[in-house]
1. Is there a residue being exposed (fewer than 14 other Cβ atoms within 10 Å of the Cβ) and modelled with pLDDT of 95 or more anywhere in region 86-104?
2. Could you check how many residues of region 105-146 are touching a His at 6+ places or on another chain (Cβ under 8 Å) and within 12 Å of the ligand (Cβ to nearest atom)?
3. May I ask you to verify whether residue 219 is part of a strand (DSSP E or B), within 15 Å of the ligand (Cβ to nearest atom) and of a type in the set (Phe, Trp, Tyr)?
4. Could you say which residue among 6, 10, 51, 43 is under 30 Å from residue 278 (Cβ atoms) and in contact with a Phe, Trp or Tyr (Cβ under 6 Å, 6 or more places away or on another chain)?
5. Determine which member of the set 37, 52 is in a strand (DSSP E or B) and touching a residue at least 40 places away in the same chain (Cβ under 8 Å).
6. For region 135-165, which positions are surrounded by fewer than 24 Cβ atoms within 10 Å (Cβ to Cβ) and over 14 Å from residue 216 (Cβ atoms)?
7. Restricting attention to region 151-198, report how many residues are hydroxyl-bearing (Ser, Thr, Tyr) and under 15 Å from residue 226 (Cβ atoms).
8. Select, from 237, 249, the only residue that is of a type in the set (Phe, Trp, Tyr), more than 15 Å from the ligand (Cβ to nearest atom) and in contact with a Lys or Arg (Cβ under 9 Å, 6 or more places away or on another chain).
Amino acid sequence: MKRYTLKAALTAAPTAEDFTAIDAPSPECPEGGVVARVIYLSLDPYVGSRLRGRHMGETPPTPMQGAIPGAIVGQVVESRAAGIAEGDYVHAMEGGWQEYCALPAGHFRKVDPKAAPLRAHIGVLGMPGLTAWAGITQLAKAGDGDVVLVDAAAGSVGGTAGQIARIKGASKVVGVAGGPEKCRLVTETYGFDACIDYRAEGWQAALKETLPEGASVFFENVSADMAMIALSVSRLYVRGVLCGLADAYQADTPQAHALNAGAIIGKRAQMLGLVVYDFYPRWDEYVAEASAWISQGKLAFAEDHVTGLDNAPALFGKLMRGGNVGKPIVTVSEEQA
Ligand SMILES: NC(=O)c1ccc[n+]([C@@H]2O[C@H](COP(=O)([O-])OP(=O)(O)OC[C@H]3O[C@@H](n4cnc5c(N)ncnc54)[C@H](OP(=O)(O)O)[C@@H]3O)[C@@H](O)[C@H]2O)c1
């Protein structure tokens, strides 16, 4: 079977040219686990850091051997797991860039293909969606009357965060994103009240004008500098969710990500660090809630989609440059075999 791996250990941020396909042995079914045919593969920003050994202590795959990490939705072709039959659908964080994957016990969840489109399980119902839900509902506890500011708002995490804030009662949701196409997605598809293009001249003044009442919650996906800009347009006692540092993932040297303590004190701000792993035990609860929102038309999602594993490296390169518009997703095989 085909597997994508690294050509060599990385010495700089990954580009499409760093990946290569190998012919890998068919996976063996682990005791208590399953083998799945990969249908959808998720491409996520953290993988760029992980491939360089910079993510939560997780080791990079062995070059010319290990699969590039990636969440998947697949169909079970062999099962040694209680309650899982051949033909069932599963989601796993460690499926990888390959046609088939072995998933040990405790490393996959069964998904219901009738509750929502299968592909949604790696985006809006997957890890990015769970991240958004955790930040908005569990950390910021956003609700009635909150004014919420989100950056990287066209992405899977940001777009979902703003929509969940609205569902939970926020009176105003404002996004920040790079370029007019992304800003259109944020307002027209995700239904934010406004989206400020940070590549346009005078954007910080425009952001301030859009938030005369001040944000009561901000959701930070990009950088410490952006968090400080968000803080500057926030009211006292703001809750700031620190979710990601997308602007720093490609840097060649580790950065300090300094926050301005004086500004935080002055605003009496709560800064809330988010790691989605803490919320994995609540995934099924989130999927049940969010599937209903999708079917009620309250929660939209957008995908930057390619077909074929061979197109994964180019889409990953686009994601690393911030060029993706919506959730990057690769169809590896057909839903119906
Ligand atoms: N804490 C957690 O547990 C957790 C879990 C999942 C994801 N995250 C983080 O959440 C954030 C959003 O994730 P996502 O999957 O929805 O990604 P995404 O928003 O689809 O992609 C990242 C976005 O970051 C923005 N960006 C700004 N500067 C960039 C740069 N120098 N290089 C690349 N991108 C840049 C780009 O949007 P613009 O063009 O609009 O700026 C880009 O599209 C990421 O920081 C991710 O690491 C954190």
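The values are calculated or read from the model by the stated rules, or taken from the named source; none is laboratory data. Everything numeric in this text was worked out from a predicted model, so none of it was measured. Reconstructed Cβ throughout: ideal geometry from the backbone, glycine too, with neighbour counts over all protein chains shown.
1. Checked against the condition, which is being exposed (fewer than 14 other Cβ atoms within 10 Å of the Cβ) and modelled with pLDDT of 95 or more, region 86-104 yields at least one hit.
2. Of the residues in that region, 2 qualify.
3. The answer is yes for residue 219.
4. Testing whether each residue is under 30 Å from residue 278 (Cβ atoms) and in contact with a Phe, Trp or Tyr (Cβ under 6 Å, 6 or more places away or on another chain) leaves just 43.
5. Of the residues listed, the single one that is in a strand (DSSP E or B) and touching a residue at least 40 places away in the same chain (Cβ under 8 Å) is 37.
6. Selection gives 137, 138.
7. Number satisfying all stated conditions: 1.
8. The unique qualifying residue is 237.
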